[in-house]
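Comments concern the structure below.
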Amino acid sequence: MIYVQPLPPPTVSPQVGKIIQTGREQIHMLESGGANGNPVVLLHGCGSIAEEVMMPFSGSGLHIIAPDRPGYGFSQALPAGERGPRGQSFWLERFLEALELDKVVVAAHSIGCAAALHLAARRPDLLKGLFLISPCCRPVPFKPFIVLRSAVAPFVGPVIRQHVIARWSSYFLERGLRASSYPNPVTAELSTLPAIHMVNAASIATMAEELWAFNGDMQPPEGLPADLPVSVLFGREDRIIDPGWHLDWLHERHPALTVELLDDVGHMPHHVAPDLALTMLCDLAGKTPADIAGKTSDETGEASQPVIAVA
């Protein structure tokens, strides 16, 4: 019998957008849609990039801005001590100020919601609404994260990051996507994400740092302004975080959440039910899907080949 070794998957290039200078750091962002009206700002979750969270919304016609959070993708990492949700909320504030934006809708996924919630508590004047997708916001019980802890351990950590995880980036990304998507299959568009760009030594260190800072940063019982619209989308079968655990925490801090719980859906409801996610986002933005339907790429200002620009 002849054994034929399968060819490795072709290298996928990451999408490249604009580099924004805030005065303290460089932030990479993707943008789509028309320039009219205030945009929606999208924040991705742990171990992801702007390209992923933008996928369900990029053809919607809404003006979308999606930055790589600090330490991920092409965005510069924050200094030590500022890498948790609270520090990232100040980073988000600087990002909005650099773009001269206020009264925006911020939509965030998973742990990206934590920074958005801190910003909403400190600077509600900057926000028009919050759309929280599978939000990780309440301090969580200890989890061992054996592979992640090994990858950042003294002495052996650099070897694991450089010669194990980075070398097998496609394997680790596929494993992560399957776990996040369960019980749903990994969508075709998620399968096109650039593995080497997402799973590398720098991103592994960033994941560990923000996870370690999470519980301490989310201890303060800060409330949210009662007049700030907040919508939440969760899958009931989420195996990454417990929906009830985080929804109870959110209900204590906001009197009038709009919540959609989807049966048979896991941690990626924006990819499994993109139409519902878009409708909820449009409601917060003061638009309806009919308002933005039928727009061409020329009308929405989307470019087929984004380029680096410095603002």
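Points to keep in mind about this one:
- 16 Å reach of a label modelled at residue 140, 7 Å along Cα-to-Cβ, counting backbone N of region 237-261: 237-250
- Two-site label geometry, residue 125 and residue 167: point separation in nm, points 7 Å out along Cα→Cβ: 5.4
- On the beta carbon distance between residue 227 and residue 179, with R0 = 30 Å, the FRET formula returns roughly 0.20.
- Exposure proxy order (Cβ contacts within 10 Å, fewest to most) of 206, 258: 258, 206
- Exposure proxy ranking, count of Cβ atoms within 10 Å, fewest first, for 52, 260: 260, 52
- Descending by average beta-carbon neighbour count within 10 Å, the peptides 40-48, 98-106 line up as 40-48, 98-106, the highest first.
- Evaluated over region 86-135, the Cα radius of gyration and Dmax, each in Å: 9.8, 28
- With a Cα cut-off of under 29 Å and a minimum spacing of 8 residues unless on different chains, the lysine pairs in region 18-300 number 10.
- Once C-alpha pairs closer than 8 Å and six or more residues apart are averaged by separation and normalised to the residue number of region 18-300, the relative contact order reads 22 percent.
- Cα-based shape type of region 18-300, given that a ≥ b ≥ c are square roots of the gyration tensor eigenvalues and the cut on a/c is 1.5: rounded
- Protection proxy ranking for 233-242, 109-118, using the average of other Cβ atoms within 10 Å per residue and placing the highest first: 109-118, 233-242.
- On the beta carbon distance between residue 275 and residue 245, with R0 = 22 Å, the FRET formula returns roughly 0.20.
Here, each number is a calculation from the coordinates, and none is a lab measurement. This one's a predicted model, so the numbers in the text were calculated from it and none came from an experiment. A quick note on method: Cβ atoms are made from the backbone with ideal geometry, for glycine too, and the neighbour counts reach across all protein chains shown.
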